Amino acid sequence: MDNNEVNPNGNGVQKSAPKPLRKLVKVNRENRDTFQQYPPVNEEYHGRYEAPPQQYRGQHEAPSGGYRAQHEAQAPYRGRYEAENGGGYYDDYGYEDHSSKRFSFKDFLIKTLAVVTSLVIIAMLVINVPIFADKKTGGNISLINLFKTAQPMAKEGLLNKDNVTLNIDSEKVDIDFDDGLDLPQLIEGQYSVLFLGFDEDEFNSDVMWIVQFDIGHGEMNILQIPRDCCLPDYTSSPSRKFNSVYSMGDYSVNPPIQRVVNAVQENFGIPIDAYITTACFDIVRMVDIVGGIPIHLDNEIIYEADKIIPAGDVTLTGEQAEWFIRFRNEWLQGDIGRMQNQRRFMSAAMMKLFDIVENEGRLKLYSYIKQIKDEELIYTDLSIGDMSKIADFASTLDMDNVRVNMVPGEDATFYAEDGEEYAVYSVHKAETIALLNEYYRPYQTAMTPYDTSIVELVLDHQYDVYDDTNMTFEELETATEPLRDPDKKPSWKVD
């Protein structure tokens, strides 16, 4: 049957028949030599034209050894201007290369600066982020502002400023007025500080000053209150003297410093922003810290037989400064003479402040303030930042714009309830009001007799010597000492 014929048993096309296998050739003696040219199955095969059994190198291969190229240098390349004695080398542009050194000071310096800069930035972020609670405002405050506003020396306590009568004159100062000093002020434009200096027992105050910084006008005015000033309604002392208000004032008012502040505000109409208190023995240390106070003395001062300050140009030590401001034995006017002498000390101290700023710098002044703070030589509710601002302002003042006044009045006798008579200082009410309106109320309405609690013991004034005691610090530089009483000279003193 043909290959393409139909299979009678089916419908499809019959597939082609498989081809037969090739016949195997029988190996005989005649063809055995033909197969001998092929290796046994257990031997490696090599082609007919296989290269000899060694590593191929190529027709133009370089001699054995590392490849160097046709013009390769014989030593490691260091640049055209390589130094001869090792170390760094210079490249084609003349820059020294230290990359071969194990330690690079430049890299170390850069890395160190980078780390330090990062730490400084982090620190600045931390101290400036308001994350600390502010007890005064109830809000949050940054660490740096927390330090600036801290009052670490407020050992007398904090003042109550809620019920202070201000009487701001809207014609003198606009509601949006800003003096630029950024102080916590009761009245914008001025800042008033009460200064008290205590005796050895720290019971009575021997020195009482109101230091008012008139920031808006670039002035400073100091009001001296005589220690014997009689304020009958503010102390339980039999003599009713001002110097006993702190220790024997209204016991329902605390802290004690608040009693003095209330008396000042209600009698003299000066809102008090802050206080400073110190003792006579602390003044000794403060004067020594700043290196003494230069001053000129017309005559020697004999505080006691073994405590003498010579005449002439002297630099008061701390001990001598205490003798100077407390001396009163020979003054014709007693305590008033002492107050006049204290003015000269204030002027000399102010000049010392200027000298420190000019010759030693403000940072040195701040270091003195910090040392005084650290040794707790003063108590004050002034913050560190506020003290720095006030010191900066004071150092810019002209000496002709710094004035000192004393409360007008005269000596008088107070007849106490215990039957005793006490020598006191009676305030001249009208003259005091005029003085306050002229110098100490620059942004307030004029004071009237109805705005003060002053009580006059002498209505018919006998003399007006103390009604006008105004002097500038420039005038105090050449001022002479107070009048002396020849009868009070020590008997052993030889002229």
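For the peptides 217-229, 459-471, residues were scored by their other Cβ atoms within 10 Å and the scores averaged per peptide; the highest-first order is 217-229, 459-471. Within region 254-311, all pairs of alpha-carbon atoms sorted by distance into 5 Å bins from zero give the percentages 4, 12, 13, 16, 14, 10, 13, 15, 3.
Let a ≥ b ≥ c be the square roots of the eigenvalues of the Cα gyration tensor of region 150-488; is it rounded (a/c under 1.5), or, if not, prolate (a/b larger than b/c) or oblate? Before the final figure, lay out each step's value.
On the way: a/c = 1.38, a/b = 1.01, b/c = 1.36.
Rounded is the answer for region 150-488, as its axis ratio a/c remains below 1.5.
Distances between placed amide hydrogens fall under 5 Å for LEU297 paired with GLY312, ASP313, VAL314, all partners being 5 or more residues away or on another chain.
For region 266-361, build the convex hull from the C-alpha positions and give me its volume per residue in Å³.
Details: hull volume 13.0 nm³, N = 96.
Measuring per residue, one finds 135 Å³ for the Cα hull of region 266-361.
In terms of packing, defined here as the mean over residues of other Cβ atoms within 10 angstrom, the peptides 473-484, 333-344, 382-393, 162-173 line up highest first as 333-344, 382-393, 473-484, 162-173. Taking packing as the residue-averaged number of other Cβ atoms within 10 angstrom, the listed peptides 288-294, 207-213 run from highest to lowest as 207-213, 288-294.
State the extension gain, in nm to one decimal, for the chain segment bounded by GLU420 and ASP162, taking 0.36 nm per residue of separation less the distance between their alpha-carbons.
Stretched out fully, the GLU420 to ASP162 stretch lengthens by 89.0 nm.
Tell me, in nm to one decimal, what length is gained between ASP485 and TYR463 on full extension, where the rule is 0.36 nm per residue of separation less the Cα-Cα distance? Write out the running numbers ahead of the final one.
Details: separation 22, 0.36 × 22 = 7.92 nm, distance 1.94 nm.
Extra length available between ASP485 and TYR463 comes to 6.0 nm.
Local charge for ALA114 was computed over the other residues whose Cβ lies under 14 Å away, with Lys and Arg +1 and Asp and Glu -1, and equals +1. Whole-Hz Karplus values for region 183-188 come out as 9, x, 9, 6, 10, 4 Hz, taken residue by residue from phi with 6.51 cos²θ - 1.76 cosθ + 1.60 and θ = phi - 60°; glycine and proline positions read x.
Close amide H partners of ILE276, meaning residues 5 or more places away or on another chain with modelled amide H under 5 Å apart, are LEU194, PHE195, LEU196.
Label reach from VAL455 (point 7 Å along Cα→C-beta): in region 412-440, amide nitrogens under 17 Å belong to 412-430.
Sparse packing (at most 14 other Cβ atoms within 10 Å of the Cβ) combined with a DSSP loop state is found for the following GluC sites (Glu not before Pro) in region 313-421: GLU375, GLU376, GLU417, GLU420.
Derived scalar couplings between HN and Hα for region 292-307 equal x, 10, x, 7, 10, 10, 5, 9, 5, 10, 9, 6, 9, 4, 10, 10 Hz in order, rounded to whole Hz, by the Karplus curve 6.51 cos²θ - 1.76 cosθ + 1.60 (θ = phi - 60°), x for Gly and Pro. Residue-wise HN-Hα couplings along region 437-452, as the Karplus relation 6.51 cos²θ - 1.76 cosθ + 1.60 with θ = phi - 60° gives them from phi, are 5, 7, 10, 10, 10, x, 10, 10, 5, 5, 6, 10, x, 7, 9, 9 Hz; Gly and Pro carry x. Once the convex hull of all Cα atoms in region 319-468 is built, its volume per residue stands at 194 Å³.
Here, each number is a calculation from the coordinates, and none is a lab measurement. Since we're looking at a predicted model, the values are computed, not measured. Note that we place each Cβ from the backbone using ideal geometry, even for glycine, and neighbour counts take in every protein chain shown.
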